[in-house]
Amino acid sequence: MKNLLRINSTPMLIFLSILIPTGNFYIHWRIFLFFRDTELNSLLLAVLAVLWGVVGVYTIYLSFNWVVEKYSDRLKKGILPFVFIGPAVILLGWLLVLPTVRTIYLSFLDAQSVHFVGLANYVAVFTDRLLVSTLRNNLLWVAFGATLSVAFGLLIAILADRSSYERIAKSIIFMPMAISLVAAGVIWKFIYYFQPGDQQVGLLNAIMLAFGGEPQAWTSMLQPWNNLFLIVILIWMQTGFAMVIFSASIKGVPDQMLEAARVDGANEVRIFFSIIIPYISSTILAVTTTIVVFTLKIFDIVMVMTGGQYDTEVVATQFYRQFFMYRNFGYGSTLAIVLLIAVIPVIIFNLRQFRK
Amino acid sequence: MKKQWRKSVVSVLSILLIFTLIFAGCGSSATNEPTDEPSNTEGTATNDQPQEQPADEGTYLEQAYAGKFKGTKVSMFGPFADADEVKFNNSIKEFEEKTGIDIQYQGSKEFEATINIRVEGGNAPDIADFPQPGLLANFVKSGKVIDVSTFLDGSHLKSNYNQSWIDMATMEGKDGEIMAGIWNRSNVKSLVWYPKKQFEEAGYTVPQTWDELIALSEQIAADGDQAWAIGIESGAATGWAATDWIEDIMLRTTTPENYDKWVKGELSFTSDEVKNAAKKMTEIWFNDDYVYGGRKSIVTTSFGDAPKPMFDNPPKTWLHRQGNFITSFFPEGLEAGVDYDWFYLPSIDEQYGKPVLVAGDIYAMFNDRPEVRAVMEFFTTGESIKTWVQSGGVIAPMNDASLDWYASDMDRRMAELIQNASTIRFDGSDLMPGSVGAGTFWKGMTDYASGTVDLDEAMEEIEAGWNK
Amino acid sequence: MKKKEKKRSKWLVNTVLGIISIIWLIPTLGLFISSFRPATDILQTGWWTIFPHRAWETTVELELSKDVDLRQPIEIDGTSYTDEELRKGIKINDQRLIWENRRARIVNVQDKVWNMNTDFTLENYMSVLTGKEYSIMQPDGSVRVEKGSDLSQAFWNTVAVSIPGTIIPILIASFAAYAFAWMNFPGRRVMFVIIIALLVVPLQVALIPVLKDYTALGLNGSLLGIWLAHTAFGLPLITYFMYNYISQLPRDIFESAYIDGASNFSIFSRLVLPLSVPALASISIFQFLWVWNDYLVALVFIGSQPDVQVLSMKIADLVGSRGSDWHLLTSAAFISMLMPLTVFFLLQKYFVKGLLGGSIKG
């Protein structure tokens, strides 16, 4: 009897293994109901919600881990990793993988998702002018937006490292990251703003006027260059991200290495290319991957600035349009899948880094 | 290490305990109270049809006024926000106070996309406001919309609405035709606005024919101004203002039958009739002497900002073709009928008479509950829009809306215009399925106006919207 | 010699960086200045006119004869000009001729003088913070002014969404990243590939299916629902990011901890998390910004219940269908930036310090 109640006895373990998941579920369900039905003051509610969200998740891990730690070593080794990745896998599986699989399925069906059409949607994506220009624009975004963001980020990180007002410069470059895309849209509309007549309140047109040029409708009429004007916004926002991370890892380059190179007579450019770049290569890969992926998915800037008009449509906005506005589930899904295929090279690059 | 573990165990248990005490404790007391079901009852209400009421209890609206649905909530979703939302809330305030039904309206500029997501996701609002019946038709086809004729009194509707409104509300459902919704607001589109005082001072006269209209544009150009204020920018909906032009010209250059065929997709965009209309439009649009700021300002100017230069002193531009709702975009402090007025966009070909283009908002119902029925019934009464009519910018389609409500003579003249029209047609792009009417048509016109594509390409791309 | 060269190169670095910083700052500066300008000014003059600048100012108005034909050359003071020139303004010596009123045939003669626009107002901020004012015409013809709702409740709702919406995914992702980096289990590689692939899935594909599930579970409009959504949409990036960081932590730290008998959980919470503070700080900024500024996810999963709406929805409503309320847009945009900027400056010291990745190795 006493044995049974010992915390490491098998029946007790089985009991605990059932109790902890159900207990967790029950408690969080009650809390959920509490929040749904409560009429508390919004400030208090916010504080309680934050508390629940943060402490709650931690205790889930803590309690599961506590049970698993009681298991025999062999069992523990097998199960513990799944406790660690479990919540991530479950959430991703539910909220992203399943929808993606569904999208793949829809991409082989017609607009109303009734008839199987084989690869017809894929053919259309690469032939229909509207869809082809969508893909072209996405390429432009990656080619210019992602590359320049990374390049500027690296350049500024290096410069900041050597300058006497690093902190403030970094803050300024990073600040656009903190700006919502809606706000950024407002900011840049002010720059590209065009109005009939010779009073221009848009900065770029005012500059054009000052130099005797003709005011332009930057984001609409100058096709296909209008895409580049939108890409500038991305560069303005993303460079800060790249810079912060590069800057941190540049500081990790050991001083001895740099000193040794200088003693050998290498100039700063040489040091940059043959010491710093190789040293931070894994960071560059990570940052580039993140930015390329972000750029492939670009949605808000285009939506806010042009709504995808004037031939500035990109895959995500076109998807949104086809799927939710035209209700053409076939085209919409196909576009999303093309995006997924486009990322394969990036995955391959990253796998080389993955610890075997 | 063992000691540490004991510590962790204690902390796990105590945190869990605290949680249980704080939340589950209050939670259970809260759940025991009779709380209102969340307003978006997740479509469950659709399944349990409310029982047919015995006749003596009266219609749902009468029951509502008797306080039977007190404390219930009805969720609404629509495209108008900002000032229109305030006007809407004002117009339902009295009803809410009398009946105790809380109508929760949410407006979003992303309405067209979001309503799709919400309906597909099973989280449809109780009532949705569609400015485009074509968009609604999609949902009707897939059987997601409640047939309002099942509970609304047909004879009342017939007496309160012009037959054509009722016809337009009747749509092809999954199992035959249903009445998909009810019309609550309407507006007139074939209007040309002008700054009256200055217009008269400059010695211009209101044109009666298309030729006179072009002559007027020419005269204004000779005086050194660009006559037309045109702007079609409207975020993701950019281009809709251009579709109105095409429709208005279509009605003036071809038969109403052709117009109807075109709206149904039987007459192609690539046909001569449509191309002619587009060419007629570009007589004005692509003439940089006629358009304020020239062609490039058409696509960059927001439709709401476009008319503003008419009210500079002296006016920078003189004419603006737009529906009656545009007055709420005019600068504040202008007096209707004095500072600005409208004239009818003149006919082009005598034989097609005096056609008028109209549009309106249809309210459709997605969840069937007694209180939603009551609210829908309320919306068929002129009363439901009275204060909005009084504050201007909207025309009531119901017959029991009194002409006395209109804020100005100007609005009353619009009502007369509709009465005297030889042909009344509804905004075609709004009737076409969403993929054309709110899709390729908008986009094609924008691309054409901005010079991305030429006329033939534009029309082909618009037509392609039908095939999807 | 060498010192001088060093000094010069430092000067060069500072200048280049200075120029870049200024370019980067100008757009935000424009917004900031505009947000304090009266509504009418914003649309009429550029924000830069608040700085001293040279502008044309009318000294004399010339009234020409009413019958001057604008299509013919127009004669003024013995010289003739075209209408086009007078529209744009034509310079003669230090003066400029430009139409004041073409219809009345009045021409301005202008001099260039120093000028600055210094009209500032707090009204934009007031109307955003306390609710926008609407004038509604009454049946009797009078005009009633009505106030829209203010932002305070939406602010707290956004806090309740954003903080857990940031911390939950970071915690979950860090656990997963640790497992991917330092634990062995079957399917490790496959799952990692899937996570990288998921980076590119636009969250729009998930909206309908997830909404369906939420509807069935009654999660719509609840905090839990929106947390889970933000968590899942943020997880791929955060996991990838944290993996990159955690996998680069030096192996010997773990080994010595193992020898001391520490469990994976305690290694994670006592070693890995504290060592990852810089990475945690930077990724939490990004996630926080994303959640704080999100509109689409909130619109779909929160919907129309007014008591749970977040700031971005309120601001979108405020801007409304008009799209031309620049004065409200500018101030609302700035208000929405305040919180993210505060968080940024609070956390800044953690990631600007340069503790990332390799530094521990070196």
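Brief remarks follow.
- Projecting the Cα atoms of C:Pro236, B:Gly235, A:Leu33 onto the charge dipole of the protein assembly as shown (Cβ charges, centred on the Cα centre) puts C:Pro236 farthest toward the positive pole.
- Each listed q (0.11, 0.16, 0.23 Å⁻¹) maps to a log10 I(q)/I(0) for the stretch B:130-236, found by the Debye formula over equal Cα scatterers with no solvent: -0.62, -0.79, -1.25.
- For the stretch B:246-388, the average shadow cast by the Cα convex hull is 12.8 nm², which is a quarter of the hull's surface.
- Rule-of-thumb Rg ratio for chain B [Cα; 2.2 N^0.38 Å; N residues]: 1.14
- Column: log10 I(q)/I(0), Debye, Cα scatterers of the protein assembly as shown, q = 0.08 Å⁻¹: -0.96
- Rounded, prolate or oblate (a/c below 1.5 giving rounded, otherwise prolate when a/b exceeds b/c) for the stretch B:207-262 by Cα gyration tensor: oblate
- Taking N as the residue count of chain A, its C-alpha radius of gyration divided by 2.2 N^0.38 Å amounts to 1.31.
- As a size descriptor, the averaged projected area of the C-alpha convex hull of the stretch C:152-359 was calculated at 14.0 nm².
- 10 Å Cβ neighbours from other chains, averaged over peptide C:219-226: 5
- Karplus-based coupling profile of the stretch C:169-176, in residue order and whole Hz: x, 5, 5, 4, 5, 5, 4, 5, with θ = phi - 60° in 6.51 cos²θ - 1.76 cosθ + 1.60 and x standing for Gly or Pro.
- Distant-in-sequence amide H partners of B:Ile103 (H built 1.01 Å from N, under 5 Å): B:Val74
- Restricting attention to chain B, close to 55% of DSSP beta bridges with both partner residues there are antiparallel.
- For B:Thr170, the residues whose amide H sits under 5 Å from its own are B:Ala180, ignoring neighbours fewer than 5 places away on the same chain, with H placed 1.01 Å from N.
- At 1.002 mPa s and 20 °C, Stokes diffusion of the stretch A:58-187 via Kirkwood alpha-carbon radius, µm² per second: 102
- Hull volume in cubic angstrom per residue (convex hull over the Cα atoms of the stretch A:247-356): 153
- When peptides A:257-266, C:242-251 are sorted by average Cβ neighbour count within 10 Å, with the highest value leading, the order is C:242-251, A:257-266.
- The ellipsoid that matches the Cα gyration tensor of the stretch C:52-115 has semi-axes, each √(5λ) in whole angstrom, of 22, 11, 10, with the longest given first.
- Summarising the amide proton neighbourhood of B:Val358: residues at separation of 5 or more, or on other chains, whose placed amide H is nearer than 5 Å comprise B:Lys189, B:Arg425, B:Phe426, B:Asp427.
- Cross-link pairs beyond the 32 Å C-alpha cut-off, checked among B:Lys109/B:Lys144; B:Lys93/B:Lys197; A:Lys189/B:Lys316; B:Lys296/B:Lys386: B:Lys93/B:Lys197; B:Lys296/B:Lys386
- Ordering of C:213-223, A:275-285 by packing [mean C-beta count within 10 Å, highest first]: C:213-223, A:275-285
- Across the stretch A:144-156, coupling constants 3J(HN,Hα) worked out from phi with the 6.51/-1.76/1.60 Karplus curve, θ = phi - 60°, read 8, x, 5, 4, 5, 4, 5, 5, 4, x, 5, 4, 5 Hz, and Gly and Pro carry x.
- Accessible area buried by the pairing of B and C, both sides summed with a 1.4 Å probe, works out to roughly 3900 Å².
- Here the ratio of the Cα radius of gyration of the stretch A:2-106 to 2.2 N^0.38 Å is 1.40.
- Counted over the protein assembly as shown, the DSSP beta bridges are approximately 75% antiparallel.
The values are calculated or read from the model by the stated rules, or taken from the named source; none is laboratory data. Just so it is clear, the structure is predicted and the values come from calculations on it, not from any experiment. Cβ: placed from backbone, ideal geometry, glycine included. Neighbour counts: every protein chain shown. The accessibility values were calculated without ligands, DNA or RNA, using every heavy atom of the protein model including side chains. Shrake-Rupley method; radii C 1.70, N 1.55, O 1.52, S 1.80 Å.
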